[in-house]
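Presented below is the structure to which this report refers.
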Amino acid sequence: MKQIYYALQNIIRGRSSTFIKVASLSLGLFISIILFARVAFELNYDTWYKDSEQIYMTYNTMIDGVGTGEPIRADIYPTVQILLEHFPDHVEYGVPLKDYSFYKDVIKHGPHTYTGYIITVDSLFFQTMGIPLIKGDIKDMAMPQAMFLSESKAREIFQGEDPIGKPLIAGVEEYDYIVKGIYADMPENVSLKADAIISVHHPMHLTWRNGKTDWTNGRNWNSYIRLKKGADIDYINQRINTVIENYLPTKEMYELYGIDQMIVSFAPLKDYHLKDSKVRTMIYIMTLLGFFLLLTASFNYTLISISSLPQRAKAIGVHKCNGAGAGSIFSMFFWETFFVVLFSISIAVFFILNFQNPIEDMTGATINGLFSWQHIWAPSLAIILLFLIGCIMPGHLFSSIPVTQVFRRYSEGKKHWKYPLLCMQFAGTAFLLGIVSVVFIQYQYAMNKDLGFDMNRLVCANHSFDNPTNALTNLRNLPYVEGAENASTDILNPVMSLAIMDNNGNWMFTPRVHYANENFCKLVGLRLLSGRYPEREGEVAVNTVDVERTHGHHAIFQEIVAGIPGLHPAGIG
(Lines give C-alpha, C1' and ligand atoms only; values in the text may rest on other atoms or scores of the structure.)
Protein backbone atom coordinates (compact mmCIF):
# COMPACT_ATOMS: atom_id res chain seq x y z
CA MET A 1 0.00 0.00 0.00
CA LYS A 2 2.92 2.37 0.66
CA GLN A 3 4.08 2.05 -2.95
CA ILE A 4 0.58 2.98 -4.18
CA TYR A 5 0.49 5.99 -1.84
CA TYR A 6 3.91 7.27 -2.98
CA ALA A 7 2.97 6.66 -6.64
CA LEU A 8 -0.16 8.81 -6.29
CA GLN A 9 1.83 11.49 -4.47
CA ASN A 10 4.38 11.62 -7.32
CA ILE A 11 1.56 11.85 -9.89
CA ILE A 12 -0.05 14.77 -8.04
CA ARG A 13 3.27 16.55 -7.38
CA GLY A 14 4.37 16.37 -11.00
CA ARG A 15 1.04 17.59 -12.41
CA SER A 16 2.49 19.21 -15.53
CA SER A 17 4.55 16.12 -16.38
CA THR A 18 1.56 13.87 -15.67
CA PHE A 19 -0.67 15.94 -17.94
CA ILE A 20 1.78 15.58 -20.84
CA LYS A 21 2.09 11.83 -20.23
CA VAL A 22 -1.67 11.30 -20.10
CA ALA A 23 -2.29 13.44 -23.19
CA SER A 24 0.37 11.57 -25.19
CA LEU A 25 -0.78 8.11 -24.13
CA SER A 26 -4.48 8.95 -24.56
CA LEU A 27 -4.06 9.98 -28.19
CA GLY A 28 -1.82 7.00 -28.92
CA LEU A 29 -4.21 4.56 -27.27
CA PHE A 30 -7.28 6.12 -28.88
CA ILE A 31 -6.03 5.48 -32.40
CA SER A 32 -4.10 2.26 -31.82
CA ILE A 33 -6.98 0.60 -29.93
CA ILE A 34 -9.31 1.27 -32.87
CA LEU A 35 -6.74 0.01 -35.39
CA PHE A 36 -6.00 -3.21 -33.49
CA ALA A 37 -9.72 -3.82 -32.88
CA ARG A 38 -10.33 -3.52 -36.62
CA VAL A 39 -7.46 -5.93 -37.35
CA ALA A 40 -8.99 -8.49 -34.97
CA PHE A 41 -12.38 -7.83 -36.60
CA GLU A 42 -10.93 -8.76 -40.00
CA LEU A 43 -8.95 -11.76 -38.76
CA ASN A 44 -12.09 -13.25 -37.15
CA TYR A 45 -14.16 -13.05 -40.32
CA ASP A 46 -16.50 -16.04 -40.76
CA THR A 47 -15.34 -17.73 -37.55
CA TRP A 48 -18.66 -17.14 -35.76
CA TYR A 49 -20.33 -20.28 -37.10
CA LYS A 50 -20.22 -23.44 -35.02
CA ASP A 51 -17.08 -25.45 -35.92
CA SER A 52 -16.35 -22.94 -38.67
CA GLU A 53 -13.18 -24.79 -39.68
CA GLN A 54 -15.37 -27.61 -41.04
CA ILE A 55 -17.35 -25.33 -43.39
CA TYR A 56 -16.14 -25.10 -46.99
CA MET A 57 -17.43 -23.16 -49.97
CA THR A 58 -17.23 -23.77 -53.69
CA TYR A 59 -15.07 -22.00 -56.21
CA ASN A 60 -15.98 -22.43 -59.84
CA THR A 61 -13.69 -22.03 -62.84
CA MET A 62 -14.90 -22.04 -66.43
CA ILE A 63 -12.73 -23.04 -69.39
CA ASP A 64 -13.67 -21.78 -72.86
CA GLY A 65 -12.00 -21.21 -76.20
CA VAL A 66 -10.20 -18.13 -74.88
CA GLY A 67 -8.64 -19.81 -71.84
CA THR A 68 -9.17 -20.58 -68.17
CA GLY A 69 -11.13 -18.03 -66.19
CA GLU A 70 -10.58 -16.92 -62.62
CA PRO A 71 -12.12 -19.05 -59.85
CA ILE A 72 -15.24 -17.30 -58.59
CA ARG A 73 -17.46 -17.83 -55.58
CA ALA A 74 -20.33 -19.35 -57.53
CA ASP A 75 -21.74 -22.73 -58.37
CA ILE A 76 -24.45 -24.71 -60.12
CA TYR A 77 -27.36 -25.82 -57.94
CA PRO A 78 -27.07 -29.65 -58.21
CA THR A 79 -23.41 -29.72 -57.13
CA VAL A 80 -24.27 -30.07 -53.44
CA GLN A 81 -26.62 -33.00 -54.09
CA ILE A 82 -23.89 -34.77 -56.04
CA LEU A 83 -21.49 -34.30 -53.12
CA LEU A 84 -23.97 -35.71 -50.61
CA GLU A 85 -24.60 -38.73 -52.84
CA HIS A 86 -21.02 -39.55 -53.86
CA PHE A 87 -19.08 -38.53 -50.73
CA PRO A 88 -21.30 -39.58 -47.80
CA ASP A 89 -18.29 -40.50 -45.65
CA HIS A 90 -16.79 -37.03 -45.99
CA VAL A 91 -19.66 -34.54 -46.37
CA GLU A 92 -22.08 -34.23 -43.44
CA TYR A 93 -24.35 -31.47 -44.78
CA GLY A 94 -24.50 -29.16 -47.77
CA VAL A 95 -26.60 -26.26 -49.01
CA PRO A 96 -26.91 -24.22 -52.19
CA LEU A 97 -28.14 -20.67 -51.64
CA LYS A 98 -28.63 -17.35 -53.34
CA ASP A 99 -26.92 -14.47 -51.59
CA TYR A 100 -28.50 -11.08 -52.28
CA SER A 101 -26.56 -9.10 -49.71
CA PHE A 102 -25.75 -6.37 -52.24
CA TYR A 103 -29.19 -4.81 -51.72
CA LYS A 104 -32.05 -4.86 -49.21
CA ASP A 105 -35.42 -6.43 -50.00
CA VAL A 106 -38.82 -5.26 -48.86
CA ILE A 107 -40.64 -7.08 -46.04
CA LYS A 108 -44.26 -6.14 -45.30
CA HIS A 109 -46.28 -6.85 -42.19
CA GLY A 110 -49.78 -5.47 -42.44
CA PRO A 111 -49.60 -1.76 -43.31
CA HIS A 112 -45.94 -1.50 -42.24
CA THR A 113 -42.97 -1.89 -44.58
CA TYR A 114 -39.46 -2.90 -43.54
CA THR A 115 -36.25 -3.62 -45.39
CA GLY A 116 -33.63 -6.31 -44.86
CA TYR A 117 -31.21 -8.69 -46.52
CA ILE A 118 -32.98 -11.86 -47.68
CA ILE A 119 -31.21 -15.01 -48.84
CA THR A 120 -32.79 -18.03 -50.51
CA VAL A 121 -31.61 -21.39 -49.18
CA ASP A 122 -32.24 -25.11 -49.38
CA SER A 123 -33.52 -27.15 -46.47
CA LEU A 124 -30.14 -28.03 -44.87
CA PHE A 125 -28.99 -24.43 -44.38
CA PHE A 126 -28.97 -24.31 -40.58
CA GLN A 127 -27.32 -27.73 -40.22
CA THR A 128 -24.62 -26.77 -42.73
CA MET A 129 -23.78 -23.32 -41.41
CA GLY A 130 -24.22 -24.12 -37.72
CA ILE A 131 -26.32 -21.03 -36.97
CA PRO A 132 -28.09 -21.25 -33.58
CA LEU A 133 -31.87 -21.48 -33.82
CA ILE A 134 -33.65 -19.61 -31.01
CA LYS A 135 -37.19 -20.67 -31.82
CA GLY A 136 -38.76 -23.02 -34.34
CA ASP A 137 -37.84 -26.30 -36.03
CA ILE A 138 -35.03 -26.43 -38.60
CA LYS A 139 -36.98 -29.08 -40.53
CA ASP A 140 -39.55 -26.41 -41.43
CA MET A 141 -36.98 -24.89 -43.79
CA ALA A 142 -38.13 -27.49 -46.33
CA MET A 143 -41.66 -26.00 -46.39
CA PRO A 144 -42.30 -23.94 -49.57
CA GLN A 145 -43.53 -20.79 -47.79
CA ALA A 146 -41.16 -20.96 -44.82
CA MET A 147 -39.39 -17.81 -43.67
CA PHE A 148 -36.95 -17.60 -40.77
CA LEU A 149 -36.15 -14.20 -39.23
CA SER A 150 -33.12 -12.99 -37.33
CA GLU A 151 -33.75 -12.17 -33.68
CA SER A 152 -33.34 -8.41 -34.18
CA LYS A 153 -35.50 -8.29 -37.32
CA ALA A 154 -38.27 -10.29 -35.59
CA ARG A 155 -38.13 -7.83 -32.68
CA GLU A 156 -38.30 -4.88 -35.09
CA ILE A 157 -41.28 -6.22 -37.04
CA PHE A 158 -43.38 -7.83 -34.31
CA GLN A 159 -42.49 -5.56 -31.37
CA GLY A 160 -42.25 -8.34 -28.79
CA GLU A 161 -45.12 -10.49 -30.11
CA ASP A 162 -44.55 -14.15 -30.90
CA PRO A 163 -43.83 -14.18 -34.66
CA ILE A 164 -44.14 -17.95 -35.20
CA GLY A 165 -46.94 -18.72 -37.66
CA LYS A 166 -47.48 -15.06 -38.59
CA PRO A 167 -47.74 -14.15 -42.31
CA LEU A 168 -45.32 -11.79 -44.04
CA ILE A 169 -45.00 -10.47 -47.57
CA ALA A 170 -41.54 -10.20 -49.12
CA GLY A 171 -39.92 -9.19 -52.37
CA VAL A 172 -40.81 -6.91 -55.23
CA GLU A 173 -43.57 -9.28 -56.38
CA GLU A 174 -44.90 -9.45 -52.80
CA TYR A 175 -45.05 -13.20 -52.28
CA ASP A 176 -46.61 -14.65 -49.14
CA TYR A 177 -44.50 -16.32 -46.46
CA ILE A 178 -45.09 -17.69 -42.97
CA VAL A 179 -42.61 -17.16 -40.15
CA LYS A 180 -41.42 -20.57 -38.99
CA GLY A 181 -38.44 -19.76 -36.82
CA ILE A 182 -36.07 -17.23 -35.24
CA TYR A 183 -32.29 -17.57 -35.45
CA ALA A 184 -29.47 -15.77 -33.64
CA ASP A 185 -28.27 -12.47 -35.06
CA MET A 186 -25.19 -12.85 -37.21
CA PRO A 187 -22.23 -10.61 -36.34
CA GLU A 188 -20.97 -7.99 -38.73
CA ASN A 189 -17.86 -9.90 -39.77
CA VAL A 190 -19.52 -12.73 -41.67
CA SER A 191 -19.77 -13.05 -45.45
CA LEU A 192 -23.48 -13.88 -45.39
CA LYS A 193 -25.77 -11.01 -44.44
CA ALA A 194 -29.26 -12.25 -43.66
CA ASP A 195 -32.14 -10.56 -41.87
CA ALA A 196 -34.51 -13.16 -43.28
CA ILE A 197 -34.10 -16.59 -44.85
CA ILE A 198 -36.64 -18.01 -47.28
CA SER A 199 -37.05 -21.47 -48.76
CA VAL A 200 -35.89 -22.25 -52.28
CA HIS A 201 -38.94 -24.49 -52.60
CA HIS A 202 -41.37 -21.57 -52.83
CA PRO A 203 -43.58 -22.15 -55.93
CA MET A 204 -42.80 -18.67 -57.31
CA HIS A 205 -39.08 -18.73 -56.48
CA LEU A 206 -37.85 -19.25 -60.03
CA THR A 207 -39.92 -16.33 -61.30
CA TRP A 208 -38.89 -13.93 -58.55
CA ARG A 209 -35.25 -14.88 -58.14
CA ASN A 210 -34.58 -15.80 -61.77
CA GLY A 211 -32.90 -19.00 -60.70
CA LYS A 212 -32.76 -22.53 -62.02
CA THR A 213 -32.10 -25.76 -60.21
CA ASP A 214 -30.66 -27.78 -63.11
CA TRP A 215 -27.16 -27.97 -64.60
CA THR A 216 -27.74 -25.05 -67.00
CA ASN A 217 -28.40 -22.30 -64.47
CA GLY A 218 -25.16 -20.45 -65.23
CA ARG A 219 -23.51 -20.48 -61.78
CA ASN A 220 -26.21 -18.46 -60.05
CA TRP A 221 -25.79 -20.16 -56.68
CA ASN A 222 -23.30 -20.34 -53.82
CA SER A 223 -22.63 -23.76 -52.33
CA TYR A 224 -21.46 -24.57 -48.81
CA ILE A 225 -20.65 -27.95 -47.30
CA ARG A 226 -19.86 -29.10 -43.76
CA LEU A 227 -17.27 -31.84 -43.60
CA LYS A 228 -17.42 -34.64 -41.09
CA LYS A 229 -14.72 -34.53 -38.44
CA GLY A 230 -11.52 -36.03 -39.74
CA ALA A 231 -12.58 -35.76 -43.40
CA ASP A 232 -10.03 -34.56 -45.96
CA ILE A 233 -11.11 -31.84 -48.38
CA ASP A 234 -8.24 -32.76 -50.73
CA TYR A 235 -9.87 -36.15 -51.25
CA ILE A 236 -13.01 -34.40 -52.53
CA ASN A 237 -11.16 -31.81 -54.63
CA GLN A 238 -9.24 -34.56 -56.44
CA ARG A 239 -12.39 -36.49 -57.39
CA ILE A 240 -15.32 -34.09 -57.61
CA ASN A 241 -14.73 -32.93 -61.19
CA THR A 242 -14.58 -36.48 -62.50
CA VAL A 243 -17.96 -37.09 -60.90
CA ILE A 244 -19.48 -33.83 -62.22
CA GLU A 245 -18.46 -34.67 -65.81
CA ASN A 246 -21.03 -37.47 -65.75
CA TYR A 247 -23.80 -34.95 -65.07
CA LEU A 248 -22.78 -31.71 -66.75
CA PRO A 249 -24.40 -31.24 -70.20
CA THR A 250 -21.28 -29.86 -71.89
CA LYS A 251 -22.95 -29.26 -75.25
CA GLU A 252 -25.81 -27.25 -73.75
CA MET A 253 -23.44 -25.29 -71.53
CA TYR A 254 -21.32 -24.38 -74.54
CA GLU A 255 -24.35 -23.26 -76.54
CA LEU A 256 -25.62 -21.14 -73.63
CA TYR A 257 -22.39 -19.71 -72.24
CA GLY A 258 -19.54 -20.78 -74.52
CA ILE A 259 -18.16 -23.09 -71.79
CA ASP A 260 -16.07 -26.13 -72.68
CA GLN A 261 -15.36 -27.33 -69.15
CA MET A 262 -16.19 -26.48 -65.55
CA ILE A 263 -13.81 -27.03 -62.64
CA VAL A 264 -15.16 -27.10 -59.07
CA SER A 265 -12.97 -26.82 -55.98
CA PHE A 266 -13.58 -26.27 -52.28
CA ALA A 267 -11.76 -23.98 -49.85
CA PRO A 268 -12.38 -23.09 -46.17
CA LEU A 269 -15.07 -20.47 -45.66
CA LYS A 270 -13.00 -18.73 -42.97
CA ASP A 271 -10.24 -18.09 -45.54
CA TYR A 272 -12.55 -16.47 -48.10
CA HIS A 273 -12.37 -12.95 -46.72
CA LEU A 274 -8.63 -13.02 -46.09
CA LYS A 275 -7.94 -14.20 -49.66
CA ASP A 276 -8.78 -10.71 -50.88
CA SER A 277 -5.47 -8.93 -51.48
CA LYS A 278 -7.05 -5.60 -50.56
CA VAL A 279 -8.12 -6.96 -47.18
CA ARG A 280 -4.65 -8.37 -46.48
CA THR A 281 -3.01 -5.08 -47.47
CA MET A 282 -5.39 -3.19 -45.20
CA ILE A 283 -4.54 -5.53 -42.29
CA TYR A 284 -0.79 -5.07 -42.84
CA ILE A 285 -1.08 -1.29 -43.00
CA MET A 286 -3.32 -1.00 -39.94
CA THR A 287 -1.08 -3.35 -37.94
CA LEU A 288 2.07 -1.41 -38.80
CA LEU A 289 0.37 1.92 -38.19
CA GLY A 290 -1.01 0.83 -34.83
CA PHE A 291 2.30 -0.74 -33.77
CA PHE A 292 4.41 2.31 -34.62
CA LEU A 293 1.86 4.64 -33.04
CA LEU A 294 1.92 2.55 -29.88
CA LEU A 295 5.73 2.47 -29.79
CA THR A 296 5.94 6.22 -30.35
CA ALA A 297 3.55 6.92 -27.47
CA SER A 298 5.37 4.41 -25.24
CA PHE A 299 8.83 5.83 -25.92
CA ASN A 300 7.52 9.35 -25.46
CA TYR A 301 6.21 8.35 -22.02
CA THR A 302 9.53 6.66 -21.22
CA LEU A 303 11.60 9.68 -22.18
CA ILE A 304 9.40 12.04 -20.16
CA SER A 305 9.71 9.76 -17.13
CA ILE A 306 13.48 9.39 -17.43
CA SER A 307 13.97 13.13 -17.94
CA SER A 308 12.85 13.61 -14.32
CA LEU A 309 15.69 11.38 -13.09
CA PRO A 310 17.92 14.22 -11.75
CA GLN A 311 15.01 15.74 -9.79
CA ARG A 312 13.82 12.46 -8.30
CA ALA A 313 17.19 10.84 -7.53
CA LYS A 314 17.45 12.39 -4.01
CA ALA A 315 13.90 11.23 -3.11
CA ILE A 316 14.74 7.70 -4.24
CA GLY A 317 17.91 7.84 -2.12
CA VAL A 318 15.81 8.83 0.91
CA HIS A 319 13.48 5.86 0.29
CA LYS A 320 16.47 3.56 0.18
CA CYS A 321 17.89 5.06 3.41
CA ASN A 322 14.57 4.12 5.04
CA GLY A 323 14.92 0.50 3.99
CA ALA A 324 13.30 0.46 0.54
CA GLY A 325 14.93 -2.08 -1.76
CA ALA A 326 15.16 -2.13 -5.55
CA GLY A 327 11.95 -4.17 -5.69
CA SER A 328 10.04 -1.58 -3.67
CA ILE A 329 11.28 1.28 -5.88
CA PHE A 330 10.36 -0.66 -9.01
CA SER A 331 6.92 -1.41 -7.53
CA MET A 332 6.37 2.30 -6.88
CA PHE A 333 7.03 3.16 -10.52
CA PHE A 334 4.94 0.15 -11.58
CA TRP A 335 1.91 1.64 -9.81
CA GLU A 336 2.67 5.11 -11.11
CA THR A 337 2.65 3.83 -14.69
CA PHE A 338 -0.48 1.79 -13.94
CA PHE A 339 -2.46 4.84 -12.81
CA VAL A 340 -1.24 7.00 -15.71
CA VAL A 341 -2.18 4.30 -18.23
CA LEU A 342 -5.52 3.82 -16.46
CA PHE A 343 -6.28 7.56 -16.78
CA SER A 344 -5.25 7.43 -20.45
CA ILE A 345 -7.48 4.44 -21.14
CA SER A 346 -10.42 6.25 -19.53
CA ILE A 347 -9.88 9.27 -21.78
CA ALA A 348 -9.47 7.03 -24.87
CA VAL A 349 -12.73 5.24 -24.04
CA PHE A 350 -14.41 8.63 -23.58
CA PHE A 351 -13.23 9.68 -27.07
CA ILE A 352 -14.40 6.40 -28.60
CA LEU A 353 -17.89 6.71 -27.09
CA ASN A 354 -18.27 10.38 -28.02
CA PHE A 355 -16.90 10.02 -31.55
CA GLN A 356 -18.82 6.84 -32.23
CA ASN A 357 -20.42 7.90 -35.52
CA PRO A 358 -17.20 9.12 -37.21
CA ILE A 359 -15.36 6.00 -36.04
CA GLU A 360 -18.08 3.73 -37.45
CA ASP A 361 -18.05 5.63 -40.75
CA MET A 362 -14.27 5.34 -41.06
CA THR A 363 -13.95 1.70 -39.99
CA GLY A 364 -17.08 0.35 -41.64
CA ALA A 365 -18.06 -1.46 -38.42
CA THR A 366 -20.07 -0.56 -35.36
CA ILE A 367 -18.43 0.05 -31.98
CA ASN A 368 -20.17 -3.04 -30.60
CA GLY A 369 -18.81 -5.09 -33.48
CA LEU A 370 -15.27 -3.78 -33.10
CA PHE A 371 -15.10 -4.34 -29.36
CA SER A 372 -17.02 -7.59 -29.00
CA TRP A 373 -15.55 -10.30 -26.79
CA GLN A 374 -14.09 -12.01 -29.87
CA HIS A 375 -12.01 -8.96 -30.77
CA ILE A 376 -11.15 -7.37 -27.41
CA TRP A 377 -7.94 -9.40 -27.18
CA ALA A 378 -6.17 -7.18 -29.74
CA PRO A 379 -6.74 -3.83 -27.93
CA SER A 380 -5.90 -5.57 -24.64
CA LEU A 381 -2.53 -6.74 -25.98
CA ALA A 382 -1.84 -3.20 -27.22
CA ILE A 383 -2.52 -1.78 -23.75
CA ILE A 384 -0.34 -4.44 -22.07
CA LEU A 385 2.53 -3.75 -24.50
CA LEU A 386 2.35 -0.01 -23.85
CA PHE A 387 2.23 -0.59 -20.11
CA LEU A 388 5.25 -2.91 -20.10
CA ILE A 389 7.40 -0.57 -22.19
CA GLY A 390 6.43 2.43 -20.08
CA CYS A 391 6.97 0.57 -16.82
CA ILE A 392 10.03 -1.67 -17.16
CA MET A 393 12.64 0.75 -18.53
CA PRO A 394 12.01 3.74 -16.17
CA GLY A 395 11.39 1.42 -13.23
CA HIS A 396 14.68 -0.39 -13.79
CA LEU A 397 16.64 2.87 -14.09
CA PHE A 398 15.10 4.44 -10.99
CA SER A 399 15.47 1.30 -8.86
CA SER A 400 19.19 1.10 -9.76
CA ILE A 401 20.02 4.59 -8.35
CA PRO A 402 22.50 4.14 -5.49
CA VAL A 403 21.62 5.29 -1.97
CA THR A 404 24.61 7.69 -1.98
CA GLN A 405 22.61 10.08 -4.18
CA VAL A 406 20.94 11.40 -1.02
CA PHE A 407 24.25 12.99 0.02
CA ARG A 408 25.18 14.66 -3.28
CA ARG A 409 23.62 16.36 -6.25
CA TYR A 410 22.77 13.88 -8.96
CA SER A 411 24.30 14.66 -12.33
CA GLU A 412 23.48 12.44 -15.26
CA GLY A 413 26.38 12.68 -17.67
CA LYS A 414 26.02 9.63 -19.87
CA LYS A 415 23.51 10.41 -22.57
CA HIS A 416 24.32 7.82 -25.20
CA TRP A 417 21.52 5.50 -24.04
CA LYS A 418 18.99 8.21 -24.95
CA TYR A 419 19.98 8.25 -28.60
CA PRO A 420 18.40 4.88 -29.54
CA LEU A 421 15.15 5.91 -27.85
CA LEU A 422 15.10 9.24 -29.68
CA CYS A 423 16.01 7.52 -32.95
CA MET A 424 13.16 5.04 -32.60
CA GLN A 425 10.75 7.81 -31.66
CA PHE A 426 11.73 9.96 -34.65
CA ALA A 427 11.60 6.94 -36.99
CA GLY A 428 8.13 6.05 -35.72
CA THR A 429 6.94 9.63 -36.14
CA ALA A 430 8.35 9.80 -39.69
CA PHE A 431 6.65 6.50 -40.54
CA LEU A 432 3.32 7.72 -39.18
CA LEU A 433 3.57 10.97 -41.14
CA GLY A 434 4.39 9.03 -44.29
CA ILE A 435 1.42 6.68 -43.85
CA VAL A 436 -0.94 9.57 -43.10
CA SER A 437 0.28 11.40 -46.22
CA VAL A 438 -0.27 8.33 -48.40
CA VAL A 439 -3.75 7.79 -46.94
CA PHE A 440 -4.62 11.45 -47.52
CA ILE A 441 -3.49 11.25 -51.15
CA GLN A 442 -5.46 8.01 -51.67
CA TYR A 443 -8.53 9.58 -50.09
CA GLN A 444 -8.29 12.58 -52.38
CA TYR A 445 -7.90 10.28 -55.38
CA ALA A 446 -10.89 8.14 -54.39
CA MET A 447 -13.11 11.15 -53.72
CA ASN A 448 -12.17 12.99 -56.90
CA LYS A 449 -11.80 10.06 -59.34
CA ASP A 450 -13.66 10.50 -62.59
CA LEU A 451 -16.37 7.81 -62.69
CA GLY A 452 -17.71 8.74 -66.10
CA PHE A 453 -20.84 10.34 -64.69
CA ASP A 454 -21.73 13.19 -62.34
CA MET A 455 -21.98 12.19 -58.66
CA ASN A 456 -22.80 15.69 -57.40
CA ARG A 457 -26.25 15.96 -55.79
CA LEU A 458 -27.04 12.41 -56.94
CA VAL A 459 -28.98 10.29 -54.45
CA CYS A 460 -30.20 6.72 -54.87
CA ALA A 461 -32.59 4.60 -52.81
CA ASN A 462 -33.67 0.98 -53.05
CA HIS A 463 -37.43 0.69 -52.75
CA SER A 464 -40.41 -1.02 -54.34
CA PHE A 465 -43.39 1.20 -55.22
CA ASP A 466 -46.88 -0.06 -55.98
CA ASN A 467 -47.05 2.47 -58.81
CA PRO A 468 -43.54 3.51 -59.99
CA THR A 469 -44.90 6.10 -62.42
CA ASN A 470 -46.81 7.95 -59.71
CA ALA A 471 -43.83 7.71 -57.37
CA LEU A 472 -41.54 9.30 -59.97
CA THR A 473 -44.09 12.05 -60.61
CA ASN A 474 -44.34 12.84 -56.91
CA LEU A 475 -40.56 12.93 -56.56
CA ARG A 476 -40.17 15.26 -59.55
CA ASN A 477 -42.76 17.63 -58.10
CA LEU A 478 -40.78 18.13 -54.91
CA PRO A 479 -39.27 21.65 -54.86
CA TYR A 480 -35.78 20.42 -53.96
CA VAL A 481 -35.65 17.64 -56.59
CA GLU A 482 -34.18 18.51 -59.98
CA GLY A 483 -34.99 15.17 -61.59
CA ALA A 484 -35.83 11.55 -60.79
CA GLU A 485 -35.58 8.33 -62.77
CA ASN A 486 -35.67 4.63 -61.94
CA ALA A 487 -33.30 1.76 -62.67
CA SER A 488 -32.82 -1.89 -61.81
CA THR A 489 -29.91 -1.39 -59.38
CA ASP A 490 -27.21 1.04 -58.36
CA ILE A 491 -25.30 2.14 -61.46
CA LEU A 492 -22.00 1.08 -59.84
CA ASN A 493 -23.30 -2.40 -59.01
CA PRO A 494 -25.23 -4.00 -61.89
CA VAL A 495 -26.11 -7.61 -61.10
CA MET A 496 -27.82 -8.98 -64.23
CA SER A 497 -25.69 -10.61 -66.94
CA LEU A 498 -26.09 -11.09 -70.69
CA ALA A 499 -24.16 -13.52 -72.88
CA ILE A 500 -22.67 -11.86 -76.00
CA MET A 501 -22.26 -14.09 -79.07
CA ASP A 502 -20.65 -13.39 -82.42
CA ASN A 503 -22.47 -13.80 -85.73
CA ASN A 504 -21.45 -17.46 -85.82
CA GLY A 505 -23.11 -18.17 -82.48
CA ASN A 506 -19.86 -18.44 -80.54
CA TRP A 507 -19.79 -17.05 -77.03
CA MET A 508 -17.45 -14.07 -76.54
CA PHE A 509 -18.07 -12.65 -73.07
CA THR A 510 -20.80 -12.01 -70.51
CA PRO A 511 -21.06 -8.38 -69.34
CA ARG A 512 -23.15 -7.06 -66.47
CA VAL A 513 -26.29 -5.23 -67.58
CA HIS A 514 -27.98 -2.24 -65.98
CA TYR A 515 -31.64 -1.65 -66.86
CA ALA A 516 -33.03 1.88 -66.66
CA ASN A 517 -35.70 4.09 -68.20
CA GLU A 518 -35.02 6.36 -71.18
CA ASN A 519 -33.86 9.47 -69.27
CA PHE A 520 -31.67 7.77 -66.67
CA CYS A 521 -28.35 8.27 -68.50
CA LYS A 522 -29.07 11.96 -68.94
CA LEU A 523 -30.00 12.36 -65.26
CA VAL A 524 -26.73 10.88 -63.98
CA GLY A 525 -24.70 12.77 -66.59
CA LEU A 526 -23.25 9.67 -68.24
CA ARG A 527 -20.73 10.88 -70.82
CA LEU A 528 -20.84 9.28 -74.25
CA LEU A 529 -17.79 8.94 -76.49
CA SER A 530 -19.96 8.33 -79.53
CA GLY A 531 -23.59 7.72 -80.40
CA ARG A 532 -26.50 8.77 -78.22
CA TYR A 533 -28.36 7.72 -75.10
CA PRO A 534 -30.72 4.72 -75.41
CA GLU A 535 -34.19 6.13 -75.89
CA ARG A 536 -36.39 3.25 -76.99
CA GLU A 537 -36.99 -0.31 -75.90
CA GLY A 538 -34.34 -2.63 -77.28
CA GLU A 539 -31.53 -0.05 -77.43
CA VAL A 540 -28.36 -0.39 -75.38
CA ALA A 541 -25.30 1.72 -74.51
CA VAL A 542 -22.00 -0.08 -73.89
CA ASN A 543 -18.76 0.90 -72.19
CA THR A 544 -15.25 0.96 -73.59
CA VAL A 545 -14.27 -2.25 -71.79
CA ASP A 546 -16.84 -4.24 -73.78
CA VAL A 547 -15.64 -2.61 -76.96
CA GLU A 548 -12.06 -3.62 -76.16
CA ARG A 549 -13.22 -7.20 -75.69
CA THR A 550 -14.13 -7.15 -79.37
CA HIS A 551 -10.52 -6.13 -80.16
CA GLY A 552 -11.45 -2.45 -80.23
CA HIS A 553 -13.57 -2.60 -83.39
CA HIS A 554 -16.75 -0.62 -82.87
CA ALA A 555 -18.30 -1.99 -86.02
CA ILE A 556 -17.80 -5.57 -84.86
CA PHE A 557 -19.46 -4.78 -81.57
CA GLN A 558 -22.38 -3.24 -83.43
CA GLU A 559 -22.77 -6.44 -85.42
CA ILE A 560 -22.56 -8.56 -82.26
CA VAL A 561 -25.13 -6.52 -80.36
CA ALA A 562 -27.37 -6.20 -83.39
CA GLY A 563 -27.25 -10.00 -83.63
CA ILE A 564 -28.95 -10.31 -80.21
CA PRO A 565 -32.72 -10.36 -80.69
CA GLY A 566 -34.26 -7.10 -79.49
CA LEU A 567 -30.99 -5.25 -78.82
CA HIS A 568 -29.53 -2.45 -80.94
CA PRO A 569 -26.47 -0.30 -80.17
CA ALA A 570 -27.18 3.32 -79.33
CA GLY A 571 -23.90 4.65 -77.95
CA ILE A 572 -20.57 4.01 -76.26
CA GLY A 573 -19.86 5.56 -72.86
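The values are calculated or read from the model by the stated rules, or taken from the named source; none is laboratory data. All of these numbers come straight from a predicted model, not from anything done at the bench. In this analysis, Cβ positions are derived from the backbone assuming ideal geometry, glycine residues included, and neighbour counts consider all displayed protein chains. These accessible areas exclude ligands, DNA and RNA; they are computed on the full protein's heavy atoms, side chains included. Shrake-Rupley method; radii C 1.70, N 1.55, O 1.52, S 1.80 Å.
General remarks:
- In the assembled protein chains, residue 424 presents an accessible area of approximately 90 Å² (probe radius 1.4 Å).
- Accessible area per residue (1.4 Å probe, heavy atoms of protein chains only) ranks 375, 201, 273 as 201, 273, 375, with the largest value leading.
- Estimated FRET transfer efficiency (residue 376, residue 443; beta-carbon r; R0 25 Å; 0.05): 0.30
- Once the C-beta distance of residue 281 and residue 89 is scaled by a Förster radius of 51 Å, the resulting FRET efficiency is 0.80 to the nearest 0.05.
- Probe 1.4 Å, all protein chains present, accessible-area order of 108, 166, 98, largest first: 166, 108, 98
- The stretch between residue 512 and residue 424 holds 26.6 nm of extra length on full extension. This uses 0.36 nm per residue minus the Cα-Cα distance.
- Of the peptides 77-84, 468-475, the ranking by mean beta-carbon count within 10 Å, highest at the top, reads 77-84, 468-475.
- Here the gap between residue 459 and residue 263, fully extended at 0.36 nm per residue and compared with their Cα-Cα distance, gives a gain of 66.4 nm.
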